[in-house]
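S.K.: Mind looking over this structure? Questions follow.
The values are calculated or read from the model by the stated rules, or taken from the named source; none is laboratory data. Given the structure is predicted, the values throughout are model-derived calculations rather than measurements. All Cβ positions, glycine included, derive from the backbone under ideal geometry; neighbour counts span all protein chains shown.
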Amino acid sequence: NADAVPQAPEDALFGLMAAFRRDEDPKKVDLGIGAYRDNNAKPWVLPVVKRADEILRKDPNLNHEYLPIAGLPDFISASQKLILGADSPALKEKRITSLQTISGTGAVHLGALFLSKFYNPTTERKVYFSDPTWPNHFQIFSNVGLSSQTYPYFSKQTKGLDFEGMIGSLQNAAEGSIVVLHACAHNPTGVDPTQEQWKEIAKVIREKKHFPFFDTAYQGFASGDLAKDGWAIRYFIEQGFETCIAQSYAKNFGLYGERAGCFHFITSPSSDAESTVSRVASQLAILQRSEISNPPAYGARIASLVLNDKELFAEWEANLRTMSGRIIDMRKALRSKLEEMDTPGKWNHITEQIGMFSFTGLTEEQVLKLREDSHVYMTKNGRISMAGLNTNNIEYFAKAVDSAVRG
Ligand code: LMR
């Protein structure tokens with residue numbers, strides 16, 4: 001009976017969000033969860049999303065019927081083009097099958113579940129995550145019975161990529177391991193491989209017959225350029241890898257609570273590719289049906305409207321540049337304030353890291369001191385969501401960091 005159920009710890013990130021809400025100090029600063037905030041620390045409904053929403057609400061044919069099991073067809077095809085590029089060989093050769101999912105989490109889960117059932121099921125499989133990674137990766141894969149290990153990723157010395165460590169670990173991993181890769185704007189570190197490094201990573205993955213699994217939650221957020229942010233995935237596809245992609249629209253459309261996302265499975269070029277994809281699609285449909293029956297419609301309708309309309313798409317790109325541009329400004333401001341104060345340590349990584357997060361290098365002790373003394377909320381690993389900073393609180397935050405670092 002349920003008496004034996006042990007107490008589980010609270011989710012660290014959502015627990016932090018709740019603690020921030022409880023804090024009544026007017027100076028409090030939320031640098032916890034990765035959700036964009038405007039310069040007034042308020043959630044930002046993208047203007048293009050507002051427009052799409054108005055269009056949708058005026059549609060006399062809008063109803064609340066079920067979507068197909070795989071989801072909204074126009075949304076799915078637009079999602080494929082967005083991540084792979086409209087002229088992708090995988091699209092031309094019909095080597096891809098995709099399903100709409102409960103945002104990126106649902107896509108990672110569907111992929112993990114599929115692999116747990118069909119990827120070398122009789123052998124002992126290992127999943128490799130970057131150290132560190134999005135903590136939910138561990139739970140999602142262990143829930144489907146796949147055990148995980150990490151490959152070195154973040155160098156504490158340089159606060160950049162530990163490239164040698166990463167390559168060495170992938171070389172030593174058992175052949176055929178599943179390797180989870182962040183396509184861009186790595187969470188939590190904000191550190192991405194260069195294009196040359198990606199080529200080396202692809203080489204090792206090829207040599208060791210590993211299975212690359214891409215998680216992409218920040219396309220358009222890293223550089224503000226959608227194609228550039230999709231480069232690593234597109235490179236792997238050009239190289240003919242079999243791979244899968246978990247794609248989230250939470251951040252780049254600001255559709256956090258609408259749970260719009262997509263899962264893609266792409267098989268290698270072969271004479272049998274179309275038939276492989278059709279068999280994979282049939283199995284994914286069963287998994288999807290048994291878990292969620294069919295995905296939620298509203299967020300996907302909004303994204304689909306924007307993705308399939310030239311003018312709205314251009315407006316979306318401008319909105320993305322607003323978000324990524326403000327974050328870059330905050331990186332510059334934070335670094336220069338810390339350097340001006342001669343805060344002990346080096347702060348160049350603040351502007352060198354990209355995307356939503358910065359891995360500051362602050363210790364857990366300093367993080368807790370910041371929370372207690374200054375009402376600044378960030379995860380214990382020293383990650384800050386850059387979007388929580390703005391022209392009103394950056395000075396306060398920089399001074400708080402300075403005094404926490406000086407002890
Ligand atoms: C984050 O890492 O802050 C976001 O991806 C939110 C989440 O679901 O963890």
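S.K.: Across segment 243-278, which residue is farthest from the chain's Cα centre (by Cα) among those that are crowded, with 23+ Cβ neighbours inside 10 Å and outside any strand (DSSP E or B)? Spell out the reasoning first.
M.R.: The first filter runs over segment 243-278 and keeps only residues crowded, with 23+ Cβ neighbours inside 10 Å, leaving 243-249, 251-253, 260-267.
From what's left, outside any strand (DSSP E or B): 249, 251-253, 267.
Numbers: Tyr249: 9, Lys251: 8, Asn252: 10, Phe253: 13, Thr267: 22 Å.
The selected residue is Thr267.
S.K.: Report, by residue number, each residue of segment 308-345 that is part of a loop (DSSP other than H, G, I, E, B), more than 30 Å from Arg51 (Cβ to Cβ) and modelled with pLDDT of 95 or more. Outline the logic, then answer.
M.R.: Step one: of segment 308-345, the residues part of a loop (DSSP other than H, G, I, E, B) are 308-309, 341-345.
From the residues that got through so far, the ones that are more than 30 Å from Arg51 (Cβ to Cβ) too are 341-345.
Met341, Asp342, Thr343, Pro344 - these are the residues of segment 308-345 that are part of a loop (DSSP other than H, G, I, E, B), more than 30 Å from Arg51 (Cβ to Cβ) and modelled with pLDDT of 95 or more.
S.K.: Related question: From (1) among the hydrophobic types (A, V, I, L, M, F, W, C); (2) in a helix (DSSP H, G or I); (3) at pLDDT below 95, pick out the condition that doesn't hold for Ile33.
M.R.: With respect to (1) among the hydrophobic types (A, V, I, L, M, F, W, C); (2) in a helix (DSSP H, G or I); (3) at pLDDT below 95, Ile33 is out only on (2).
S.K.: Among the residues of segment 23-64, which ones are within 16 Å of the ligand (Cβ to nearest atom) and farther than 21 Å from Gly257 by Cβ?
M.R.: Within segment 23-64, just Val29 meets the criteria.
S.K.: Taking only segment 378-392 into account, find how many residues are assigned to a loop (DSSP other than H, G, I, E, B) and among the aliphatic types (A, V, I, L, M).
M.R.: Going through segment 378-392, the residues assigned to a loop (DSSP other than H, G, I, E, B) turn out to be 378-382, 389-392.
After this cut, where a residue has to be among the aliphatic types (A, V, I, L, M) as well, the list is 378, 389.
Total meeting the criteria: 2.
S.K.: Take the residues in segment 9-25 that are assigned to a loop (DSSP other than H, G, I, E, B) and at pLDDT below 95, then tell me which one is surrounded by the most Cβ atoms within 10 Å (Cβ to Cβ).
M.R.: Of segment 9-25, the ones assigned to a loop (DSSP other than H, G, I, E, B) are 9-11, 23-25.
From what's left, at pLDDT below 95: 9-11.
Working: Pro9: 6, Glu10: 11, Asp11: 13.
Here the answer is Asp11.
S.K.: Okay, next question. Report every pair of residues separated by at least 6 positions or lying on different chains whose Cβ atoms are under 9 Å apart, first residue within segment 102-122 and of a type in the set (S, T, N, Q), second within 16 Å of the ligand (Cβ to nearest atom) and part of a helix (DSSP H, G or I).
M.R.: Final answer for the pair search is Ser103/Tyr256; Ser103/Glu258; Ser103/Gly299; Thr105/Asn136; Thr105/Ile140; Ser116/Phe141.
Conditions tested, residue by residue: (1) within 16 Å of the ligand (Cβ to nearest atom); (2) assigned to a helix (DSSP H, G or I).
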{"site": "Pro188", "(1), (2)": "yes, no"}
{"site": "Ser223", "(1), (2)": "no, no"}
{"site": "Val280", "(1), (2)": "no, yes"}
{"site": "Pro295", "(1), (2)": "no, no"}
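S.K.: So which of Lys126, Lys94 ends up being of a type in the set (Lys, Arg) and either under 15 Å from Ala246 (Cα atoms) or over 23 Å from the mean Cα position of the chain (by Cα) (or both)? Break it down stepwise before answering.
M.R.: Details: Lys126 fails: either under 15 Å from Ala246 (Cα atoms) or over 23 Å from the mean Cα position of the chain (by Cα) (or both).
Criteria check complete, one pass: Lys94.
S.K.: Starting from segment 229-247, take each residue that is within 22 Å of Leu284 (Cβ to Cβ) and list its partners that are aliphatic (A, V, I, L, M) and surrounded by fewer than 20 Cβ atoms within 10 Å (Cβ to Cβ), counting only C-beta distances under 7 angstrom and pairs at least six apart or across chains.
M.R.: Pairs found: Phe236/Ala202.
S.K.: Any residue at all in segment 352-373 that is farther than 29 Å from Arg22 by Cα, in contact with a Gly (Cβ under 9 Å, 6 or more places away or on another chain) and not in a loop (DSSP other than H, G, I, E, B)?
M.R.: Taking segment 352-373 first, the residues farther than 29 Å from Arg22 by Cα are 352-354.
Now narrow it down to the ones that are in contact with a Gly (Cβ under 9 Å, 6 or more places away or on another chain): 352-354.
Filter once more, keeping what is not in a loop (DSSP other than H, G, I, E, B): 352.
Checked against the condition, which is being farther than 29 Å from Arg22 by Cα, in contact with a Gly (Cβ under 9 Å, 6 or more places away or on another chain) and not in a loop (DSSP other than H, G, I, E, B), segment 352-373 yields at least one hit.
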